[in-house]
Amino acid sequence: MRKSQQGIFKNIDWLMVIIYLLLVTMGWINIYASVFNEDHYLITDLTQKYGKQMIWIGTSLLLALIILVIDGNFYAAVSWPLWILVLLSLIAVLFFGTEVSGSKSWFRFGEFGIQPAEFAKFATAMVLAKYLSQLNIKMTEVKTKIISSIIIALPIGLILLENETGVALVFFAFILVLYREGLSGNFLLLGVVAIVLFILALLINKTILIIALAIISAILFLFMRKTSQNFILLFSLFVLSSAIIYSVDYAYNHLQSHQKKRIDVFLGKESDIKKAGYNVNQSLIAIGSGGLTGKGFLNGTQTKYDFVPEQSTDFIFCTVGEEWGFAGTAVVIILFLILLLRILFIAERQRSSFSRIYAYGVASILFFHLSVNVGMTIGLAPVIGIPLPFFSYGGSSLWSFTILLFILIKLDAYRLEILR
Amino acid sequence: MNTLSGRKLVIGGIFVAVCAIYLLRLFFIQVMDDSYKLSANNNVLRYMTEYPARGLVYDRYGTLLVYNEVAYDLMVTPRQVKVIDTLDFCKTIGIKKEQFIKKMKQAKAYSSYKESAFEKQLSKETYAALQEKLYKFKGFFVQTRTLRKYPQEIAAHTLGYVGEVNDKIIAANSYYKLGDYIGISGIEKSYEEELRGKKGLKIQMVDVFNRPKGRFKDGIYDTLAVSGQNLVSSLSAKLQKYGEQLLQNKTGAIVAIDPSNGEILASISGPSYNPNLLVGRERTKNYGKLFLDKSLPLFNRALMAYYPPGSTFKLINGLIGEQEQVTFRETRYPCARGYPVMGGKPKCHPHPSPMDLPGAVSTSCNSYFCYVFRSIIDNRKKYANVVEGYNAWRNYVLSFGIGKKIHTDLPQELPGNVPTQAYYDKYFGKNGWKSSTIVSLSIGQGELGVTPLQMANIICSIANKGFYYTPHIVKGIGPKKEPRPEYKIRHYTKIAPEYFEPIIDGMQGAVDHGTSTAARLKDIVVCGKTGTAQNPHGKDHSVFIAFAPRENPKIAVAVLVENGGWGATWAVPIGGLMIEKYLRDSISKPDMEKRMLEGIVLSTEKKKAKETE
Ligand SMILES: [Zn+2]
């Protein structure tokens, strides 16, 4: 039991900090390349996105310092109030927010904007950790499952109301946390099955799909012990699947046409490269044309000449791919992978359940962002507009990821001082 | 808890698996697959063709015949088109709103991002009006290109015209790309490679809105356009224009050649048209009109129409007779208003008889040349039978450049026709014909077909006493001003030079006191021969061939006026005027000139149409 008198950097995990700094710096450089303006060639030019990103990075570092200074017990204690505050701001933004291209998720203060949905990520991760770390909580209990689901579903619902589908989807990543804390692996499997069903429901006629499912269920039942329990299990699974199929079909048919088109393009049902699929196609071209070592810094034509849309935010990975080639993309992916595995390692060495569960929350959120963001640029995931952590341009997202990660770093640094 | 902490491996496994899949995918699209590089280039590189200026064409005295005029194409990039005042826009360029909608649709169908022609070849006035307002019409811009212009408005058939390449041309020749221009007829076609020059290529980088972003790799792959070569035509613009005036309201052809080098001085086909009609926006409409015109203005009679040479062919027969040693200057044959051997057929007009060779030429005695023809073909000392005799005769005829293409430098030239032995064998049966069967050949009738160009070339051979240069229309290419080398080669006839004197004497006689006195000039010895080409469809065609002066001939001319009747009526005066115009640049017989300029010779077809109206 030592006291932390050797300053705020004592016991912090430098590997995570270094990877964080690397990713943030690389992101900054790539933002510079993606929206480079010859008339404002200084990377510090505040009229340009790269100059602004410098400010976001500076303030993020300040936030990181503040987080490290605050006492380690503070975070667990403040979880619930913070979460409720974020939820209130999510409601408030529906009334007082500014509408930006169809979604009402921003508070605007002049040039400066804040997106509460971004902050809901770490707040929810904290509350989930707080709730599940209680001594008498068991994941196998129905009550626990229900309360956990409510904790996750509330922000999802509010964010969906803001019309920020992409951000809302991120919260499904918490299923990994629940799994780690004892949720049956079947739920994870069920999640995968649900995704497969979701895609199949869009590709195949629903009646044929349901008939096929009925036949599969029947065959499975023949090979299982013919108990009434198994029958009920299979039957309820079948009913559940049919319900998913019907609801997906219903939802799809009630989507707005541009959303429908995005899904169609992702599924390969439509290949209209000049329209909805244009994003994916152009980002594939940008990345694919990078080759092994890339076209060189500031030489990427696809991103610089606007063939790739939103090249500084959601499609920043294209600039990496085009200018730095496979060498660049591999470095980024591997850095993220090291960070993710490091977080898992750190999670498992925590004495406090709160810290462990929170760490898994951090890993889940980062993993979801990485896989969907990179996946969409290389055509392996649907085009869901979510940023690449630490990389993409934007204050709210960089702040939120910084807070997310540095609370973990603080908790980890504090771990030795916690009484179990 | 131990069992649960094992789950970190599952979660870590998922992380590793997804990252591995992504790395594989990235390796595949970035390193293994090259197609994305190509797509990236297609995105960002614009290959801009630099069009060279097409070569100019001058006449033999330096008068400009063909030049380039700037034209303005209105281009549109549909994506960049913002809300504009459509009404104002349509009014400015002179189209209707429906047309505007249709054209925008077409442009969008081509591409929203790339430019395409919205309205081609705006007039200078429209361009000027538009230029002031262009800033209001975002997405539109004007591209300049050149159009051919024919300032003298003459020699439409000879100069030809240019048009956009079609799919067939593009498939056959990789030089041409969609939208390129190519010579379709005349000099524009036959000298296409010299005139077109060489296209240049500029590779430019553009952004997604097609805005230029600088040269690709500082222009190391760019090439400069090379202008086309200028041509000097052998035509005399003045003579050509004069000939076209003489032939107006008549159907026929005039070809004038300088015998000393084969340069075509004038090549006229009537009726003609203004070459500027086949340029610019109205081209298709005008072409359609000309194409449907019953008088066939697009048909180049000078090179493509077959006429029986008529009496002019007697010159060749006389020469062959001499060469074959069966006819001599002093040879005299009787005439009884016709060929006595065949009971007075073919008929002849009244004249003193018997006559010697020059006299027979001057008076154009039919009977005389029937005798000559028979003595050639039926020369059994030399030729075992009529077939051998005929083939020998035919070879002489071909050596004058008829019955085969003479390979002038204009497209569409036709070979003419001199019947083969096989033709007669088929027509009359083997051994079914003899010299008397085909005796009409002796006076240039029968199955003979000769183009006006070939007629003029025959005169050149006679003027030169036994050789000709292939007639050609371009005497100088590029800075060297040399014609194509093949046009500097003499082609010899099978007739020795000494045999030409009696014939030329006869031709001089024809002009001085015979059938062609209308072509007589003071102080210049003109040698000529009339002809009347039989026309089974109507009134006979009037033919005249001549050269002058007798010593060191400067011009050989062939005139053919369809349905002009007896040669002396139209063809001889016109031929005489052409010679005088060229040699003296003035006219000594204004009355005759007036009569010719104002004369109307309706073609038989037209006459019939008039009668039925
Ligand atoms: Zn006679």
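The values are calculated or read from the model by the stated rules, or taken from the named source; none is laboratory data. Remember, predicted model here, so these are calculated numbers, not experimental data. Neighbour counts are summed over all protein chains in view; Cβ atoms, including those assigned to glycine, are modelled from backbone coordinates with ideal geometry.
Scanning segment B:317-357 for residues that are of a type in the set (Val, Ile, Thr) and either within 8 Å of the ligand (Cβ to nearest atom) or not in a loop (DSSP other than H, G, I, E, B) (or both), which turns out nearest to residue B:496 (Cα to Cα)?
Here the residue is B:320.
For residues in segment B:38-68 being small (Gly, Ala, Ser) and surrounded by fewer than 18 Cβ atoms within 10 Å (Cβ to Cβ), which is farthest from residue B:240 (Cα to Cα)? So that I can check it myself, show each step before the final result.
Step one: list which residues in segment B:38-68 are small (Gly, Ala, Ser), which gives B:39-40, B:53, B:55, B:62.
When the remaining residues are screened for being surrounded by fewer than 18 Cβ atoms within 10 Å (Cβ to Cβ), the result is B:53, B:62.
Working: B:53: 26, B:62: 14 Å.
Taking the candidates together, the pick is B:53.
With respect to residue B:171, is the statement that it is more than 30 Å from residue B:302 (Cβ to Cβ), at pLDDT 80 or above and touching a strand residue (DSSP E or B) at 6+ places or on another chain (Cβ under 9 Å) true?
Spelling it out, it is not the case that residue B:171 is more than 30 Å from residue B:302 (Cβ to Cβ), at pLDDT 80 or above and touching a strand residue (DSSP E or B) at 6+ places or on another chain (Cβ under 9 Å).
Find all pairs meeting these conditions: Cβ atoms under 7 angstrom apart; at least six residues apart or on different chains; first residue within segment B:181-207 and under 25 Å from residue B:167 (Cβ atoms) and not assigned by TED's automatic domain parsing to the domain that holds residue B:219; second residue surrounded by 21 or more Cβ atoms within 10 Å (Cβ to Cβ) and acidic (Asp, Glu).
Listed pairs, sorted by first residue: none to list.
Report the residue count in segment B:14-46 for those that are under 60 Å from the mean Cα position of the chain (by Cα), facing another protein chain (nearest Cβ under 7 Å) and of a type outside the set (D, E, K, R).
8
Residue by residue through segment B:1-11, note down the ones that are within 7 Å of chain A (Cβ to nearest Cβ) and either surrounded by 17 or more Cβ atoms within 10 Å (Cβ to Cβ) or not in a helix (DSSP H, G or I) (or both).
Residues of segment B:1-11 that are within 7 Å of chain A (Cβ to nearest Cβ), as a first pass: B:4-5, B:7-8, B:11.
Scanning segment B:1-11 gives B:7, B:8, B:11.
Go through segment A:134-180 and tell me which helices (runs of 4 or more DSSP H), entirely inside it, have 1 or more residues that are away from chain B (no Cβ under 14 Å) and farther than 18 Å from residue A:191 by Cβ. Let's see the steps before the verdict.
Values: elements: A:142-161, A:165-170, A:175-180.
Answer list for segment A:134-180: A:142-161, A:165-170.
Of all residues in segment B:358-409, which are in contact with a His (Cβ under 6 Å, 6 or more places away or on another chain) and within 14 Å of the ligand (Cβ to nearest atom)?
Of everything in segment B:358-409, just one residue is in contact with a His (Cβ under 6 Å, 6 or more places away or on another chain) and within 14 Å of the ligand (Cβ to nearest atom), namely B:363.
Tell me yes or no: at least one residue of segment B:559-569 is assigned to a loop (DSSP other than H, G, I, E, B) and of a type in the set (A, V, I, L, M).
Looking for residues that are assigned to a loop (DSSP other than H, G, I, E, B) and of a type in the set (A, V, I, L, M), one finds at least one in segment B:559-569, hence yes.
Are any of the residues in segment A:2-18 part of a loop (DSSP other than H, G, I, E, B) and on the phi > 0 side of the Ramachandran plot?
Filtering segment A:2-18 down to residues part of a loop (DSSP other than H, G, I, E, B) leaves A:2-13.
From the residues that got through so far, the ones that are on the phi > 0 side of the Ramachandran plot too are A:7, A:11.
Yes, that holds for at least one residue.
On the phi > 0 side of the Ramachandran plot and assigned by TED's automatic domain parsing to the domain that holds residue A:122, is that true of residue A:395?
So residue A:395 fails the test.
Looking at (1) farther than 30 Å from residue A:128 by Cα; (2) out of contact with any helix residue (DSSP H, G or I) (no Cβ under 7 Å at 6 or more places or on another chain), which is the one condition that is false for residue A:206?
(2) is the only condition that residue A:206 fails.
What number of residues within segment B:215-239 satisfy the criterion of being surrounded by 14 or more Cβ atoms within 10 Å (Cβ to Cβ) and not aliphatic (A, V, I, L, M)?
The total comes to 11.
Hey, does segment B:47-56 have a residue that's at pLDDT below 85 and within 14 Å of chain A (Cβ to nearest Cβ)?
The answer is no, given that none of the residues of segment B:47-56 is at pLDDT below 85 and within 14 Å of chain A (Cβ to nearest Cβ).
What's the number of the condition residue A:324 fails, among (1) more than 8 Å from chain B (Cβ to nearest Cβ); (2) farther than 18 Å from residue B:20 by Cα; (3) within 16 Å of the chain's Cα centre (by Cα)?
Answer for residue A:324: the failing condition is (3).
Any idea which residue in segment A:374-396 is farthest from the other protein chains (Cβ to nearest Cβ), counting only those that are part of a helix (DSSP H, G or I) and surrounded by 24 or more Cβ atoms within 10 Å (Cβ to Cβ)?
Among those that are part of a helix (DSSP H, G or I) and surrounded by 24 or more Cβ atoms within 10 Å (Cβ to Cβ), it is A:377.
What strands (runs of 3 or more DSSP E), lying completely within segment B:125-214, carry at least 2 residues that are surrounded by fewer than 17 Cβ atoms within 10 Å (Cβ to Cβ)? Full working, then the answer.
Details: elements: B:140-149, B:162-164, B:181-183, B:200-206.
Output list reads B:140-149, B:200-206.
So which residues in segment B:427-442 are closer than 25 Å to residue B:368 by Cα and not in a loop (DSSP other than H, G, I, E, B)?
B:439, B:440, B:441, B:442
Looking at (1) farther than 30 Å from residue B:206 by Cα; (2) more than 10 Å from chain B (Cβ to nearest Cβ), find the lone condition where residue A:344 falls short.
(2)
Only one of B:250, B:213 is of a type in the set (D, E, K, R) and within 14 Å of another protein chain (Cβ to nearest Cβ). Can you tell me which?
Only one candidate passes the filter, namely B:213.
Which pairs turn up if I take residues in segment B:5-27 that are under 17 Å from residue A:183 (Cβ atoms) and look for partners that are charged (D, E, K, R) with beta carbon separation below 6 Å, at least 6 apart in sequence or on another chain?
So the pair list comes out as B:7/A:180; B:8/A:348.
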